[in-house]
1. Determine the sum of side-chain charges near Thr37: Lys and Arg each +1, Asp and Glu each -1, restricted to other residues whose C-beta is under 12 angstrom from that of Thr37.
2. Would you calculate a helix-derived [θ] at 222 nm for the chain, using -39,500 (n - 2.57) for each DSSP H run of n ≥ 4 and dividing by the full residue count, to the nearest 500?
3. Considering lysine pairs in the chain that are 8 or more places apart or on different chains, how many have Cα atoms under 25 Å apart?
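Quick note: the coordinates plus some simple rules give every number you see, no bench work behind them. Remember, it's a predicted structure, so these values are computed and weren't measured experimentally. Because the Cβ atoms are built from the backbone with ideal geometry, glycine has one as well, and the counts that use them run over all protein chains shown.
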Amino acid sequence: MDKSFGYQTNFPSRMSSFTVGLSYDLTLFGGKFMSSTTLKNFNYSSRTKVLEHTYINNPVDISLSRNYWGASEALRYKLTKELMIKASFSSEVRIPTAEELTGNGYSILPSTDLEPERCKGLNAGLLFHHPNNYGFIEIEANYFLNQLDDMIRY
């Protein structure tokens, strides 16, 4: 792209991301009930130069820093020795890649205002697990529901 325009259109970029999580597992009623709670913090920053318009040779310095929270909860309860119900809820984040934010100088234009993908999900199910002389028989039924916001597409 630099050769076709006759000036620099692709600039070095630096991106750093850091994700930290805290989880708490709880077991009650002699192991019949289990809960796992997780809280995550997603941080990222990026620095680069971009051309706001590829037809104008005037690079602009871009520096951004973002912070997002996510969480999940997973529950399981054994109704009997062989039958259990389970459910999970989550709010997750997918941080954009450096190429998605700053472009690649050829086929992907810079999108420094790009928000991360956010997904809220629900999973509920029933599991039957029966051991026998040959191994086990397992039957499972689940319901999934997901809502994806700010999906990033090429």
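1. Numbers: positive: Lys40; negative: Asp25, Glu73.
In short, -1.
2. Working: 2 runs with 9 residues, N = 154.
Dividing the helical sum by the residues of the chain leaves -1000 deg cm²/dmol.
3. On the way: Lys3/Lys49; Lys32/Lys78; Lys32/Lys81; Lys32/Lys86; Lys40/Lys86; Lys40/Lys120; Lys78/Lys86; Lys86/Lys120.
Taking the chain as the scope, the lysine pair count is 8.
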